[in-house]
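Novice: Below you'll find the structure I mean.
The values are calculated or read from the model by the stated rules, or taken from the named source; none is laboratory data. This one's a predicted model, so the numbers in the text were calculated from it and none came from an experiment. With ideal geometry, Cβ positions are generated from the backbone for all residues, glycine too; neighbour counts draw on all protein chains shown.
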Amino acid sequence: MKSLQHYLQFSDLDAAAYAHLFERAALIKAKFKKYEKYQPLIDRTLAMIFEKASTRTRVSFEAGMYQMGGSVVHLTTEGSQLGRSEPIEDSARVISRMVDLVMIRTFEQTKIEAFAAHSRVPVINGLTNEFHPCQILADIFTFIEHRGSIKGKTVAWVGDGNNMANTWLQAAEILDFNVHISTPSGYEIDAVVANLKSSKHYKVFTDPMEACKGADLVTTDVWTSMGFEAENEARKKAFADWCVDSDMMAAAKADALFMHCLPAHRGEEVSADVIDGPQSVVWDEAENRMHAQKALMEYLLLGTTQAN
Ligand code: CP
Ligand code: NVA
């Protein structure tokens, strides 16, 4: 029986666990492409709790769980007692008595931590204000598919010091690569919030072009994340020079990849010719959410003992 393991931030797993997940994701993806059934999670149920909007996270978890033989329950804040102030601890106690696994997309990281502390089953972070570990899991799997190991490589982060940036920084410490990070003034990353062990795996640049120099991967995200909509106009002004365009891609390595977790705003954080251009792997990245999360769900529920 697997002991209770949550996935609340990228640092919850070590390099060996990630090596296992990337290997399993590749195998599970290959089976999916061949229409080969793989149902290790028959009779298992995943509860998905969304306190924010989603397209990819919803579809990838829901389709993935059904493909593995399990089923899902979909909850939103408005449609459940969460929106009527039932304590998160009570919700955790109740929901985790009826399902095998819980995925939550919410606001503060403290909220998912409180849920996990009162849950009988593994809890997965489907995005919080601070982190988006499932996305970086899929992004690194996508990098490996295209370019091999990410160890020693350089990832340029251009834009907001947000949940995606924090998670890239954690991943760099665990998988031993470097992040060049450039954010507008006032939107820097906070190493305490990102829960970093040291500053060894990242370098801060004022000029986004400098951050892109020599990068193996250039990546960005929306200027205004969910929950920060009131700041939208101020952010549009502050971020005007943090648009990944063909000049920034030209500063990176000739074979650099471009990634974006999506949804994207062409003409804001990325130009259309970059996101729709030959270096962009955003559609693989989106698809890989499902394969990587299937590997994650298998790992959290069954451990590493799969026969096939
Ligand atoms: N990238 C991502 O998490 O997308 P959704 O918000 O559509 O789930
Ligand atoms: N940083 C974005 C990611 C969306 C998938 C947000 O939190 O809204």
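Novice: For segment 184-281, which fully contained helices (runs of 4 or more DSSP H) count at least 3 residues that are more than 16 Å from residue 168 (Cβ to Cβ) and away from ligand 2 (no atom under 16 Å from the Cβ)?
Specialist: Those helices (runs of 4 or more DSSP H) span 232-238, 246-251, 272-275.
Novice: Just to check your reading of the model, which residue among 88, 42 is closer than 27 Å to residue 167 by Cα and modelled with pLDDT of 95 or more?
Specialist: Going through 88, 42 in turn, just one is closer than 27 Å to residue 167 by Cα and modelled with pLDDT of 95 or more: 88.
Novice: Next up: Please enumerate the residues belonging to segment 69-97 that are in a loop (DSSP other than H, G, I, E, B) and either farther than 18 Å from residue 6 by Cβ or within 15 Å of ligand 1 (Cβ to nearest atom) (or both).
Specialist: Listed by number, the residues that qualify are 69, 70, 77, 78, 79, 80, 85, 86, 87.
Novice: Restricting the search to segment 211-231, which residues are farther than 20 Å from residue 275 by Cβ and either away from ligand 1 (no atom under 13 Å from the Cβ) or crowded, with 18+ Cβ neighbours inside 10 Å (or both)?
Specialist: Answer for segment 211-231, where residues must be farther than 20 Å from residue 275 by Cβ and either away from ligand 1 (no atom under 13 Å from the Cβ) or crowded, with 18+ Cβ neighbours inside 10 Å (or both): 213, 214, 228, 229, 230, 231.
Novice: Filter segment 48-68 down to residues that are crowded, with 19+ Cβ neighbours inside 10 Å and farther than 16 Å from residue 134 by Cα and give me whichever is farthest from ligand 1 (Cβ to nearest atom).
Specialist: By that ranking, first place goes to 68.
Novice: Which one of these does residue 286 not meet: (1) in contact with a Cys (Cβ under 6 Å, 6 or more places away or on another chain); (2) within 16 Å of ligand 2 (Cβ to nearest atom)?
Specialist: The one condition residue 286 does not meet is (1).
Novice: Being within 16 Å of ligand 1 (Cβ to nearest atom) and within 19 Å of the chain's Cα centre (by Cα) narrows it down to one of 262, 257, so name that one.
Specialist: Answer to the check: 262.
Novice: Next question, about the same structure. List, please: which pairs have Cβ atoms under 7 Å, are six or more places apart or on different chains, and start with a residue in segment 31-60 that is over 18 Å from residue 74 (Cβ atoms) and end with one that is outside any loop (DSSP other than H, G, I, E, B)?
Specialist: 32/67; 32/291; 38/28; 38/31; 40/298; 40/302
Novice: Of the numbered conditions (1) touching a residue at least 60 places away in the same chain (Cβ under 8 Å); (2) surrounded by 16 or more Cβ atoms within 10 Å (Cβ to Cβ); (3) acidic (Asp, Glu), residue 14 fails exactly one; give the number of that condition.
Specialist: In the conditions (1) touching a residue at least 60 places away in the same chain (Cβ under 8 Å); (2) surrounded by 16 or more Cβ atoms within 10 Å (Cβ to Cβ); (3) acidic (Asp, Glu), residue 14 misses (2) alone.
Novice: Working only within segment 169-183, note down all residues that are part of a loop (DSSP other than H, G, I, E, B) and buried (at least 19 other Cβ atoms within 10 Å of the Cβ).
Specialist: Residues satisfying the conditions are 177, 183.
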